[in-house]
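Peer 1: I'd like to ask some things about the structure below.
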Amino acid sequence: MTISLFKRLSLGSLIGFLSLSALIAIGALLSGDFGSTQIKVILTTLTISGASICAMACSAFVEKRGRSAIGVLGIVCAAIAAGLTIGGIWGEFSSELYWKSTVTTIIASISLAHSLLLFIPALAPNYRWTQGALSLTAAILAGMILVAVWGEISGAGYYRVLGVVAVLVVLLTLIVPICARLGAGGAVDSSALTLTKEDEDIYRDPSGQRYRVTKI
């Protein structure tokens, strides 16, 4: 399965499951029957939708940057997180270890998808530090959340620091797209661009940058 096909399937799944959630919610509200089964179905469809969003972000990174290992890792994390969450919803597990493990995979998949999505833009060299800083702070934030979950930390000081890191992540998340607009590129400084066909209308240059080529 190609990355392009995977993205289309993920997008189709996202639209389908979100639509299903809406239909179930509407039907339950109109019928007045909103029991545990309906809640479980809605939570399941929302879980799959969330996993599809994370997987699409990772597959977009693979398609644009060509670095398959980290992208595939993100996709696998999203799939595992979805499986554990759905299993917990329907199995009604009360195991603390199970749910802590589930939260771990969810945080890992969200953190990877978030970082990889913002690594897709090819920034000018003087702006690329923002992507590295974002990845670092996102990793620190994810690590702090996991420490809080597994260590059951209750100290207010810890959560103040966690909040500061979260603010930095939000700030850098906003800065990266702005930098992409200010200095799009890092484009190849050459009058000739050599491309090798990779998949359908996708081509790759000698540096590994990928392009979508259409006839005009």
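Peer 1: If I filter the range 108-130 for residues that are among the basic types (Lys, Arg) and either crowded, with 17+ Cβ neighbours inside 10 Å or not assigned by TED's automatic domain parsing to the domain that holds Ala55 (or both), do I get at least one hit? Walk me through it before giving the result.
Peer 2: Of the range 108-130, the ones among the basic types (Lys, Arg) are 128.
Next cut, either crowded, with 17+ Cβ neighbours inside 10 Å or not assigned by TED's automatic domain parsing to the domain that holds Ala55 (or both) only: 128.
Checking the range 108-130: at least one residue is among the basic types (Lys, Arg) and either crowded, with 17+ Cβ neighbours inside 10 Å or not assigned by TED's automatic domain parsing to the domain that holds Ala55 (or both).
Peer 1: Here is a further query. Out of all the residues in the range 54-90, which are over 18 Å from Gln209 (Cα atoms) and crowded, with 20+ Cβ neighbours inside 10 Å?
Peer 2: Across the range 54-90, the qualifying residues are Cys54, Ala55, Met56, Gly74, Ile75, Cys77, Ala78, Ala81, Ala82, Leu84, Thr85.
Peer 1: Then there's this: Anything in the range 108-127 that is within 14 Å of Gly50 (Cα to Cα) and without any contact (Cβ under 8 Å) to a residue 40 or more places away in the chain? List them, or say none. It would help to see each step written out before you state the result.
Peer 2: Taking the range 108-127 first, the residues within 14 Å of Gly50 (Cα to Cα) are 108-114.
Within the range 108-127, Ala108, Ser111 meet the criteria.
Peer 1: Mind checking whether some residue in the range 155-164 is assigned to a helix (DSSP H, G or I) and within 21 Å of Gly71 (Cα to Cα)?
Peer 2: Looking only at the range 155-164, we keep the residues that are assigned to a helix (DSSP H, G or I), and these are 156-164.
Those still in the list that are within 21 Å of Gly71 (Cα to Cα) too: none.
No: zero hits.
Peer 1: Tell me, which residue of the range 1-59 that is charged (D, E, K, R) and more than 30 Å from Glu200 (Cα to Cα) is modelled with the lowest pLDDT?
Peer 2: Checking each candidate, the answer is Asp33.
Peer 1: Moving to a separate point now. Assuming Lys100 fulfils every condition listed in (1) among the charged types (D, E, K, R); (2) at pLDDT below 85; (3) out of contact with any strand residue (DSSP E or B) (no Cβ under 8 Å at 6 or more places or on another chain); (4) under 28 Å from Met144 (Cβ atoms) apart from one, which condition is it?
Peer 2: The single condition Lys100 does not satisfy is (2).
Peer 1: Additional query: Please work out which residue is surrounded by the fewest Cβ atoms within 10 Å (Cβ to Cβ), limiting yourself to the range 155-172 and to residues that are farther than 10 Å from Ala138 by Cα and either among the aliphatic types (A, V, I, L, M) or in contact with a strand residue (DSSP E or B) (Cβ under 9 Å, 6 or more places away or on another chain) (or both). Please lay out each step first, then the result.
Peer 2: The initial filter retains those residues of the range 155-172 that are farther than 10 Å from Ala138 by Cα, namely 155-164, 167, 171.
This time we only want the ones that are either among the aliphatic types (A, V, I, L, M) or in contact with a strand residue (DSSP E or B) (Cβ under 9 Å, 6 or more places away or on another chain) (or both), so: 156, 161-162, 164, 167, 171.
Numbers: Ala156: 7, Val161: 12, Leu162: 17, Val164: 12, Val167: 12, Leu171: 14.
In this case the residue turns out to be Ala156.
Peer 1: Name the residue that is modelled with the highest pLDDT, counting only residues in the range 184-211 that are touching a strand residue (DSSP E or B) at 6+ places or on another chain (Cβ under 6 Å) and within 22 Å of Arg128 (Cβ to Cβ).
Peer 2: Tyr211
The values are calculated or read from the model by the stated rules, or taken from the named source; none is laboratory data. Being a predicted model, the structure only gives us computed values, none of them experimental. Heads up, the Cβs are rebuilt from the backbone with ideal geometry, glycines too, and the neighbour counts pull from every protein chain shown.
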